[in-house]
Each structure stands twice: as structure tokens, then as C-alpha cells.
Ligand code: COA
């Protein structure tokens with residue numbers, strides 16, 4: 001897809017992106033770098049970050065990689081510190097690290113439920129909390145990657161629905177508490193995005209054809225759709241947007257696209 005925004009809209013910014021090696025958040029990280037930001041990308045395993053680092057460096061961008069499990073506060077604090085030591089500041093934090101699998105509620109173990117809540121919800125809080133001082137200093141911002149699963153109900157996804165409802169609460173609360181420090185906090189709720197591992201893993205091909213018919217815009221989303229929303233929300237064009245979770249789903253959730 002051709003670039004929509006000017007190349008330099010994030011020039012000079014430093015973006016700290018969890019889950020920034022792959023998938024939707026990987027696309028967001030790469031798009032930030034293509035628009036001038038210096039990246040720090042974070043994953044549990046450093047090898048999940050190597051391909052993105054190579055890709056960003058190939059077009060002349062800067063990409064620092066840090067291994068940390070967002071569930072562990074000390075590891076997150078250390079990743080933030082390493083990034084500030086490396087670049088001198090952090091302007092944008094993206095919480096994209098997430099866990100997901102399909103499981104019926106009556107089959108899901110308490111630990112399975114808790115694991116996803118720990119990664120998505122507690123992980124988001126941990127990263128926000130640990131980056132507060134750096135963001136206060138830079139008058140920066142946070143972007144939380146959420147979902148639309150919990151707007152209605154999504155069978156086989158009780159754990160992720162609960163976790164993302166918590167993420168949305170974090171977005172709203174921090175936007176109010178930290179707005180006065182000049183920190184904007186927003187989110188994006190992607191709908192069904194075609195070119196992701198998650199979609200390949202979660203959706204059987206026969207269901208895809210049925211599902212696309214239910215999407216008001218008539219197509220699946222693309223990672224580029226989320227990249228563009230993220231560029232808008234993190235750019236100065238959105239300097240008065242705070243506490244919003246922007247739904248980017250072609251209008252799907254309004255009709256209810258669940259097939260399970
Ligand atoms: N179905 C049901 N339960 C599952 C499960 C599945 N597919 N995958 C994990 N669990 C349960 C485990 O059984 C375990 O519970 P138990 O101790 O009661 O048995 C609990 O979740 C923790 O599992 P474990 O594998 O030890 O956790 P982990 O921290 O290593 O990884 C995930 C958890 C969710 C991150 C892992 O499933 C994963 O790697 N998923 C792929 C990454 C991903 O989904 N990324 C996000 C795309 S949106």
C-alpha cells in the first residue's frame with residue numbers, strides 16, 4: 001500500500017513497542033520506523049525480533065531489541081531503562097504483546113485464563129507503569145492494542161475478552177490520570193485482520209468465506225489498516241485525542257461477526 005502520511009511525521013521520536021517483532025504490532029513498529037521513529041522492540045524471545053530489526057535496518061532505520069516478558073515487572077523496568085540508556089528518551093509506548101488461543105470456557109483452566117490476563121492486562125499495566133517517568137519527561141504517549149471481542153460476546157475467547165476489557169479500562173483511566181502530565185493514552189481495537197498468524201491459526205478456511213460476508217466494508221482488514229490508525233493516533237494530528245480506543249474493523253462488531 002502506498003504511504004498515506006508524510007515520511008517525517010514521527011521524525012526524532014523513540015517508540016518502545018512490545019510484541020513489535022511480528023504480526024499487527026510488528027507492522028505498527030515498522031510503519032513508525034518508516035515515518036522517522038527510532039525503535040525499541042520487545043519480545044519474550046530475542047530471536048522473534050531479529051527479522052524485524054534486519055528489515056528496519058535495511059531501509060536505514062534504527063532498531064534496538066530487548067528481551068523481556070511483560071508479565072515480569074522487573075524485566076519490563078529493565079527493558080525501559082535499557083531503551084532510555086540507548087536512545088536518551090522514550091516518546092511512544094505501544095502495548096502489543098498478547099497471548100491468544102481458542103478454548104471453550106468449560107474447558108479452560110484457571111491458569112489458562114490467568115495467563116492471558118497476565119500477558120495482556122497486567123503486561124500492559126506493567127509497561128505503562130514502568131515507562132511513566134520517561135513519558136512524563138517527553139510528554140509522550142501510549143497506544144494499547146485491544147480487540148472488539150468483549151463488545152458483545154465471543155465464544156471460545158472468554159480469557160481474551162476479559163483481558164482486553166481490562167486493557168480498555170487501563171486506556172481510559174490512564175488517559176485521565178496522566179493527561180495532566182501531557183501523556184496521551186489511546187488504543188486501537190482491530191477487527192478481523194487477514195494477514196496475521198493469529199487469523200491463520202484461529203480461523204478455519206471454510207469459516208473465512210462466511211465471515212467476510214458479514215463485514216460491512218466487504219473485506220478483511222489488513223495490517224496496513226492498523227498501521228495507518230496507529231500513525232494517526234501517535235502523530236500531532238491527534239494531539240487532542242485522549243482516552244479513545246479506535247475501532248478499526250470495517251464496522252464488523254456492530255453486526256456481530258462471531259461464527260462460533
Ligand atoms: N488451550 C487451552 N489452554 C491453553 C492453551 C490452549 N491452546 N494454551 C495454553 N493454555 C493454558 C495451559 O494449559 C496452561 O494452563 P494449565 O497450567 O492449567 O495447563 C496455561 O494456559 C499456561 O500455558 P503455558 O503454555 O505454560 O503458558 P506460556 O506462558 O508459555 O504461553 C501463551 C501462553 C498464551 C502465550 C501461549 O499459548 C502462546 O505462546 N501462544 C501463541 C502466541 C500468541 O498467541 N500471540 C498473540 C497472537 S494474538
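The values are calculated or read from the model by the stated rules, or taken from the named source; none is laboratory data. Please read these numbers as outputs of a predicted model, since none were measured by experiment. Cβ placement follows ideal geometry from the backbone for every residue including glycine, while neighbour counts extend to all protein chains displayed.
Looking at (1) closer than 23 Å to residue 23 by Cβ; (2) under 16 Å from the mean Cα position of the chain (by Cα); (3) assigned to a helix (DSSP H, G or I), which one does residue 187 not meet, given that it meets all the others?
So the condition that residue 187 fails would be (3).
Yes or no: residue 139 closer than 21 Å to residue 42 by Cα and either modelled with pLDDT of 95 or more or buried (at least 18 other Cβ atoms within 10 Å of the Cβ) (or both)?
Criteria not met by residue 139.
If residue 229 satisfies every condition in (1) in contact (Cβ under 8 Å) with a residue 60 or more places away in the chain; (2) in contact with a strand residue (DSSP E or B) (Cβ under 6 Å, 6 or more places away or on another chain) but one, which is the exception?
All conditions are met except number (1).
With (1) farther than 18 Å from residue 28 by Cα; (2) surrounded by fewer than 19 Cβ atoms within 10 Å (Cβ to Cβ) as the list, and residue 224 as the residue in question, which single condition is left unmet?
(1)
Right, residue 97: more than 25 Å from residue 237 (Cα to Cα), touching a strand residue (DSSP E or B) at 6+ places or on another chain (Cβ under 9 Å) and at pLDDT 95 or above or not?
In short, yes.
Could you say whether any residue in segment 75-89 is at pLDDT 95 or above, closer than 15 Å to residue 25 by Cα and either over 20 Å from the mean Cα position of the chain (by Cα) or surrounded by 20 or more Cβ atoms within 10 Å (Cβ to Cβ) (or both)?
no
Tally the residues that are part of a helix (DSSP H, G or I) and within 16 Å of the ligand (Cβ to nearest atom), restricting the search to segment 107-154.
17
Would you mind finding the one in 15, 33 that is closer than 17 Å to residue 236 by Cβ and in contact with a helix residue (DSSP H, G or I) (Cβ under 8 Å, 6 or more places away or on another chain)?
15
Go through segment 201-255 and tell me which helices (runs of 4 or more DSSP H), entirely inside it, have 2 or more residues that are in contact with a helix residue (DSSP H, G or I) (Cβ under 6 Å, 6 or more places away or on another chain).
Result: 223-234.
Can you report the number of residues in segment 169-200 which are free of Cβ contacts under 8 Å to residues at least 12 places away in the same chain and either surrounded by 15 or more Cβ atoms within 10 Å (Cβ to Cβ) or within 18 Å of residue 246 (Cβ to Cβ) (or both)?
Of the residues in that region, 2 qualify.
A quick yes/no check of all residues on (1) more than 16 Å from the ligand (Cβ to nearest atom); (2) more than 22 Å from residue 35 (Cα to Cα); (3) in contact with a strand residue (DSSP E or B) (Cβ under 6 Å, 6 or more places away or on another chain):
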| position | (1), (2), (3) |
| --- | --- |
| 184 | yes, no, yes |
| 187 | no, no, yes |
| 190 | no, no, yes |
| 197 | no, yes, no |
| 208 | yes, yes, no |
| 216 | yes, yes, no |
| 233 | yes, no, yes |
